[in-house]
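The values are calculated or read from the model by the stated rules, or taken from the named source; none is laboratory data. Since the structure is predicted, the reported quantities are computational estimates derived from the model, not experimental observations. Note: ideal-geometry Cβ built from the backbone for every residue, glycine included; neighbour counts use all protein chains shown. Quick note on the areas: whole protein, heavy atoms, side chains included, nothing else; ligands and nucleic acids left out. Shrake-Rupley method; radii C 1.70, N 1.55, O 1.52, S 1.80 Å.
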Amino acid sequence: RDEAARAGWSLRVVEAGEFADPNYRANPVNRCFFCKTNLYGTIREVTDRTMVSGANLDDLGEYRPRLDAAREHGVRHPFVEATLDKAAVRALARDLGLGAVAELPAAPCLSSRVETGIRIEPETLAFIHAVEGLVSRSLDAVTGPRRAVRCRVRAAGIVVELDPDSLAALDGPRQ
């Protein structure tokens, strides 16, 4: 929203309805397919324009069910078409003077933090978001801004992960 306001874009926020989809809520291994199917279907209801995604070459090396949904909805991937990987996309953003955008840490969906097979609940996602925010704010004074704080919900319990630099900073200087 801030970027849209700064750039003068016309922004319309839509509800994709993934929480009404029992396939998405069941959290199978291809959960992203159902989420993106809902998203692309909703977008198609409000526009007939070409849909694009931010997928890049790095996304093609792993199982990405969202790419199947994109293919089914005619979504294009300009970074893939231009043969750009994540590092090249970041470099391009810096070259275009979009420094803040170029340095944004990866921000995968909160649902990706929930172990496959554990039902997706709005309260669980709110919990994950709250934990990540609390840990990030608490560590800022000690280690500086985080690159990655992840709260994962697993059948065995809750796990909080930090990026290696933040974890090393918590250990203090090595002698």
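With a cut-off of 14 Å on the backbone N, the residues of region 13-56 near the modelled label site 7 Å out from residue 107 along Cα-Cβ are 54.
Per residue, region 40-161 exposes 62 Å² of solvent-accessible protein surface, assessed with a 1.4 angstrom probe and all protein chains in place. Relative contact order for region 104-153: 46 percent, from Cα pairs under 8 Å spaced at least 6 residues apart, divided by residue count. Name the residue from 70, 60, 50 whose Cα lies farthest towards the positive end of the charge dipole of region 39-83, charges +1 on Cβ of Lys and Arg and -1 on Cβ of Asp and Glu. My answer, from the dipole projection, is 50. Determine the shape class of region 1-66: with a ≥ b ≥ c the square roots of the Cα gyration tensor eigenvalues, call it rounded for a/c under 1.5, and otherwise prolate if a/b is greater than b/c, oblate otherwise. It comes out oblate by the Cα gyration axes. Every helix of 4 or more DSSP H residues in the chain counts as -39500 (n - 2.57), and over all residues that averages to -13500 deg cm²/dmol at 222 nm. What's the longest uninterrupted piece of the chain once you rule out the chymotrypsin sites (Phe, Trp or Tyr not before Pro) that are loop residues per DSSP with at most 15 other Cβ within 10 Å? Here the longest run is 64-175.
Indicate the gyration tensor shape class of region 91-156 (rounded, prolate or oblate), computed on the Cα atoms with a ≥ b ≥ c the square roots of the eigenvalues: a/c under 1.5 is rounded; otherwise a/b larger than b/c is prolate and the rest oblate. Judged from the Cα gyration tensor, region 91-156 comes out oblate (a/c at least 1.5, b/c at or above a/b). Counting protein heavy atoms only, the chain has 56 percent of its accessible area on carbon and sulfur, 1.4 angstrom probe. Before anything else, pin down the relative contact order of region 3-136: Cα pairs under 8 Å, at least 6 apart, normalised by residue count, whole percent. Averaging sequence separation for qualifying contacts and normalising by length gives 23 percent for region 3-136. Annotation: average projected area of the chain is 13.0 square nanometres, based on the convex hull of Cα atoms across all directions.
How much net charge surrounds residue 25 when only other residues with a Cβ under 13 Å from its Cβ are counted (Lys, Arg +1; Asp, Glu -1)? Net charge in that neighbourhood comes out at -2. In a DSSP loop and with at most 16 other Cβ atoms within 10 Å, the GluC sites (Glu not before Pro) in region 56-146 are 62, 103, 115.
The residues neighbouring residue 15, those whose beta-carbon lies less than 13 Å from its own, together hold a net charge of -2 under the Lys/Arg +1, Asp/Glu -1 convention. Taking every full run of DSSP H in the chain, the ones that stretch at least 18 Å from end to end by Cα along their long axis and average 0.5 or higher on the Kyte-Doolittle scale are 122-143.
Sites listed here are trypsin sites (Lys or Arg not before Pro) in region 72-131 whose DSSP assignment is loop and whose Cβ has at most 16 other Cβ atoms within 10 Å: 119.
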